[in-house]
Amino acid sequence: MALRFFNTYSREIEEFEPRDAMARPVRMYTCGPTVYSRAHIGNFRAYIFEDLLQRHLELRGYKVHRVMNITDVEDKTIRGAGEAGVPLQKFTEQFKGAFFEDAQTLRIKRADEYPAATDQRYIDRMIEMISALISKRLAYQADDKSVYFRINKFPDYGKLAHFDLTQLQSTGRVKHDEYDKEHIGDFALWKAWDEADGDIKWDSPWGPGRPGWHIECSAMSMALLGDQIDVHCGGVDNIFPHHEAEIAQSEGVTGKKFVRYWLHCAHLLVDGQKMAKSLGNFYTVPDVLAKGYTGRELRYALLRVHYRVPLNFTWEGMNEARESLGRIDEWLARLGELIGTPRRGVRSAQRAEPTSHFEDALDDDLNISAALGFLFESIRETNRAMDQNEMDAASASAWLEWWKRINSVLDLEAETDVSIPEEVAQLAQQRENARREKNWKRSDELRERISALGWEVRDTKDGPKLTRGAGSA
Ligand SMILES: [Zn+2]
């Protein structure tokens, strides 16, 4: 089956045909974090979807060049730095660091480049683009000294969001500076400096000021990936106005189609509700780790639902993630043991062989739920074959090869370089002895002591297994 994705622009499933796929890598731009606070798990759902997309393209033989921007200057970062009383760069630095740390915890592959909006190279590029838009009468400087995009001059404005321009009307109170715009929907390309900005300003032909958020992405995308890119991703929140504005700016300057495929990830809900600090259901990656879960478990929980379906995050879902991973771990261990100690008298009845169903499901607009369905079906079948002594070592290694291949997309394998501390091993042995003596009380106490040391003991068919659990990533 050919690779197909749902394109937000056409609202249709389209076959994936990147530009010059033979000669160049797939050019992919993903809107990155605004570094004014620690990213929450809803943000990471989108980043994990993008990670899945990149890894699947690579599994299918594409080279991918991915750029993710860091928005380190816009209203929220300036306000945050002001309130904290520190320079902008110092303020954003901590959240940049936190973002990379969390991304690593969740095993998100690094992008090839992480351009920052405050880099002078890109500021210059933004100024160049704005000048070009003004000379084409697609932008104007208003009386408030800011520069705005003139949406009435760009007939395609609203095509991504499937939005009627005439619906763009003022509702309620309008900030005083908005009276300076020709149309309520015109968006800022360059924001003139005002006192609240403090020393955060750059020189421009229109006076001191700073770029608008949208032009940052247009300029960095063009600087690093060229006029036309293959894939642009983000969360559904980004569709309007951010991505709509990016199209208007980029195509306004080049006159060429900016993006071939627009892919957007649906929201994350917590217990069926929108995540909000005021509801007490707002979680960051460290919040989830503090509850005793691992990064691998959170990765699985955020990965397992199709990206266009809202994902409902619950603690029960986290426990299910832990269980599912436990099944994978146990299965891999069994296959490994079978290869290590070939059995005699294997009856090769109806041997289950690896198929391409997993990859095929991902070809179909990244249908991860179907793909995982095939994985667990395979685990069930092969476990049954092993139970009945119907699997030989060759077959087991074929399954491990298959796992290696699909795990290049999933990245869900337990860390193997972890050695079990002596103290934990001894406690596990004592617990096993207590279990043999059917002393369940003592066995439970020992499990808790093991857990307090950051380890988890699971009783499997092949005896107790220790994994890194509570409190460790
Ligand atoms: Zn963006």
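The values are calculated or read from the model by the stated rules, or taken from the named source; none is laboratory data. The structure presented is a predicted model; accordingly, all values stated were derived computationally and were not measured. Methodologically, a virtual Cβ is constructed for each residue, glycine included, from the backbone with ideal geometry; neighbour enumeration extends over all protein chains shown.
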Q. Has the stretch 197-217 got any residue that is of a type in the set (K, R) and not in a loop (DSSP other than H, G, I, E, B)?
A. yes
Q. Part of a helix (DSSP H, G or I) and in contact with a His (Cβ under 6 Å, 6 or more places away or on another chain), is that true of S369?
A. yes
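Would you confirm whether or not the stretch 239-246 contains a residue that is away from the ligand (no atom under 13 Å from the Cβ), in contact with a His (Cβ under 8 Å, 6 or more places away or on another chain) and at pLDDT 95 or above?
First, pick out the residues of the stretch 239-246 that are away from the ligand (no atom under 13 Å from the Cβ): none.
Looking for residues that are away from the ligand (no atom under 13 Å from the Cβ), in contact with a His (Cβ under 8 Å, 6 or more places away or on another chain) and at pLDDT 95 or above, one finds none in the stretch 239-246, hence no.
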Q: From R347, R308, grab the single residue that is loosely packed, with under 15 Cβ neighbours inside 10 Å and assigned to a loop (DSSP other than H, G, I, E, B).
A: R347
Q. Can you find a residue in the stretch 247-258 that is in contact with a Phe, Trp or Tyr (Cβ under 6 Å, 6 or more places away or on another chain), within 12 Å of the ligand (Cβ to nearest atom) and either small (G, A, S) or touching a residue at least 60 places away in the same chain (Cβ under 8 Å) (or both)?
A. yes
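For the stretch 212-228, name all the residues that are away from the ligand (no atom under 12 Å from the Cβ) and in contact with a strand residue (DSSP E or B) (Cβ under 6 Å, 6 or more places away or on another chain). If you could, list the steps in order and put the result at the bottom.
Keep residues of the stretch 212-228 that are away from the ligand (no atom under 12 Å from the Cβ), which gives 222-228.
Those that are away from the ligand (no atom under 12 Å from the Cβ) and in contact with a strand residue (DSSP E or B) (Cβ under 6 Å, 6 or more places away or on another chain): L224, L225.
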**Q.** Close pairs (6 angstrom Cβ cut-off, 6 or more residues apart or separate chains): assigned to a helix (DSSP H, G or I) in the stretch 401-416, surrounded by 14 or more Cβ atoms within 10 Å (Cβ to Cβ) anywhere
**A.** W402/P354; I406/F358; N407/E413; S408/L59; V409/R55; V409/H56; V409/L59
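Being in contact with a Cys (Cβ under 7 Å, 6 or more places away or on another chain) and not in a strand (DSSP E or B) is the requirement here; does E50 meet it? If you could, list the steps in order and put the result at the bottom.
On the way: in contact with a Cys (Cβ under 7 Å, 6 or more places away or on another chain): yes; not in a strand (DSSP E or B): yes.
Here the answer is yes, as E50 does meet what is asked.
Give me the residue from the stretch 60-81 that is under 22 Å from V236 (Cβ atoms) and under 19 Å from the mean Cα position of the chain (by Cα) and, out of that set, farthest from the ligand (Cβ to nearest atom). Spell out how you get there, then give the answer.
First pass over the stretch 60-81, keeping only residues under 22 Å from V236 (Cβ atoms): 66-71, 74-76.
Those still in the list that are under 19 Å from the mean Cα position of the chain (by Cα) too: 66-71.
Details: R66: 13, V67: 10, M68: 9, N69: 6, I70: 11, T71: 7 Å.
Only one residue tops the list, namely R66.
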(Q) Just checking, does the stretch 25-34 include any residue being within 15 Å of the ligand (Cβ to nearest atom), among the aromatic types (F, W, Y), assigned to a strand (DSSP E or B) and buried (at least 20 other Cβ atoms within 10 Å of the Cβ)? (A) yes
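Please determine, by comparing only the residues of the stretch 225-249 that are of a type in the set (G, A, S) and within 14 Å of D186 (Cα to Cα), which one is nearest to the chain's Cα centre (by Cα).
Checked the stretch 225-249; the qualifying residue nearest to the chain's Cα centre (by Cα) is A245.
Each row is one residue, and each column tells you yes or no for (1) within 17 Å of the chain's Cα centre (by Cα); (2) of a type in the set (D, E, K, R); (3) at negative phi.
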{"position": "H264", "(1), (2), (3)": "yes, no, yes"}
{"position": "H267", "(1), (2), (3)": "yes, no, yes"}
{"position": "D271", "(1), (2), (3)": "no, yes, no"}
{"position": "K274", "(1), (2), (3)": "no, yes, yes"}
{"position": "K277", "(1), (2), (3)": "no, yes, yes"}
{"position": "R296", "(1), (2), (3)": "yes, yes, yes"}
{"position": "A321", "(1), (2), (3)": "no, no, yes"}
{"position": "R327", "(1), (2), (3)": "no, yes, yes"}
**Q.** Filter result for the condition that a residue is on the phi > 0 side of the Ramachandran plot and polar (S, T, N, Q), over N389, N383, N407
**A.** N389
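Yes/no per residue for (1) assigned to a helix (DSSP H, G or I); (2) of a type outside the set (A, V, I, L, M, F, W, C); (3) within 16 Å of the ligand (Cβ to nearest atom):
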{"site": "F5", "(1), (2), (3)": "no, no, no"}
{"site": "Y9", "(1), (2), (3)": "no, yes, yes"}
{"site": "A21", "(1), (2), (3)": "no, no, no"}
{"site": "E58", "(1), (2), (3)": "yes, yes, no"}
{"site": "R110", "(1), (2), (3)": "no, yes, no"}
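Does A84 count as of a type in the set (A, V, I, L, M, F, W, C) and loosely packed, with under 14 Cβ neighbours inside 10 Å? Working first, answer last.
Numbers: of a type in the set (A, V, I, L, M, F, W, C): yes; loosely packed, with under 14 Cβ neighbours inside 10 Å: yes.
Spelling it out, A84 is indeed of a type in the set (A, V, I, L, M, F, W, C) and loosely packed, with under 14 Cβ neighbours inside 10 Å.
What residue, of I420, I450, is surrounded by 19 or more Cβ atoms within 10 Å (Cβ to Cβ) and without any contact (Cβ under 8 Å) to a residue 60 or more places away in the chain? Before the answer, list the steps.
Values: I420 fails: surrounded by 19 or more Cβ atoms within 10 Å (Cβ to Cβ).
Checking each option against the conditions leaves just I450.
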